[in-house]
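The values are calculated or read from the model by the stated rules, or taken from the named source; none is laboratory data. Computed from a prediction, not measured in an experiment: that's the story for all the values here. Backbone-built Cβ (ideal geometry, glycine too); neighbour counts: all protein chains shown. Note: accessible area is taken over every heavy atom of the protein model, side chains too, but ligands, DNA and RNA are not part of it. Shrake-Rupley method; radii C 1.70, N 1.55, O 1.52, S 1.80 Å.
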Amino acid sequence: MTRHMLVIGGQRCGTTYLHGLLDWHPEITMARPARPEPKVFLSDELSARGREWYRRTYFAHATDEALLGEKSTSYIEDAEAPARVQRVLGVTECVVLLRDPVERAVSNWRFSTDHGIETRPLEVALRQNLEGPTDWSGLLTSVSPFAYLERGRYLDYLEPWLQAFPSNSHVFFLQELAGDRHTLQRLFRALGVADNVRPPGVAQPMNQSHEGRPPLTMELTNALREYFADSDAALSRRLGRALPWPTLKMGLNHG
């Protein structure tokens, strides 16, 4: 029986890379077109069109695959999305990909800079974000391009999904997944598909920014680690395992 999967990892956490790995698997096919992302379950109107409409619209290309998947990074930020998914798809595999929140913030800044939205230097943008949210109301975009730090407080967004799909939420970290076939095998096993396959390009993350990241001062790095300390600790407790990035809380991995 065909099942459904959603990739709901945070923005700039490697979900495009993961999308490619999953779509390559012979038992999985991902929604088409992949861009723009479907984002069906952000909308009451779209999700109300039902499962058959969803399958016809985004999976007309599917043949005998066991798992139909969609990647939409905005899902993790919508607390109402899990309920929409439950109403339309029922039990769904939810794959969450996260990364070091400091690295994610820098990547988010680079992405906004590459697209001509951000003009502030990295240190200025992050220091100002530490002081509070940046106003983006004058931009022609529905998603804030400046939520560099807020989006790294992962459990704030993840909790509704963990509650809705407690046995079907699979949280992985980019640091562990990228280039590690054993972690990829664990993911495939969690999804109930064959784990003895290795997609080409597994060690080549996609959707990278065009330029390298500017260095952060130690003082700012420490301030960012302090900002994320309580969030990191809560996430580690909720998942019941250490995080693969440096933290400031006792008992966590200080990598």
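What the table below lists for this structure:
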item: Highest average packing first - 21-34, 158-171, 67-80, 113-126, Cβ atoms within 10 Å; result: 67-80, 21-34, 158-171, 113-126
item: When the convex hull of its Cα atoms is projected in every direction, mean area for the chain (nm²); result: 13.9
item: The chain, accessible area per residue, ligands and nucleic acids excluded (1.4 Å, Å²); result: 47
item: Cα-centred dipole magnitude for the chain, charges only on beta-carbon of K, R (+1) and D, E (-1), debye, nearest 20; result: 500
item: Relative contact order (%) - criterion: Cα under 8 Å, at least six apart; region: segment 1-159; result: 31
item: Relative contact order for segment 22-65, counting Cα pairs under 8 Å that sit 6 or more residues apart, in percent; result: 48
item: Carbon/sulfur fraction of accessible area - the chain, other protein chains in place, 1.4 Å, %; result: 52
item: Furthest towards positive pole of dipole, 60, 85, 122, structure part segment 43-148, Cβ charges; result: 60
item: Cα-based Rg of segment 8-110 normalised by 2.2 N^0.38 Å, two decimals; result: 1.10
item: Principal-axis tilt of helix 154-164 within the chain, Cα atoms, nearest 10 degrees; result: 20
item: Peptide ranges 51-63, 98-110 listed from the most packed, as the mean C-beta count within 10 angstrom indicates; result: 98-110, 51-63
item: Using alpha-carbon coordinates, inclination of helix 181-190 to the longest axis of the chain, degrees; result: 50
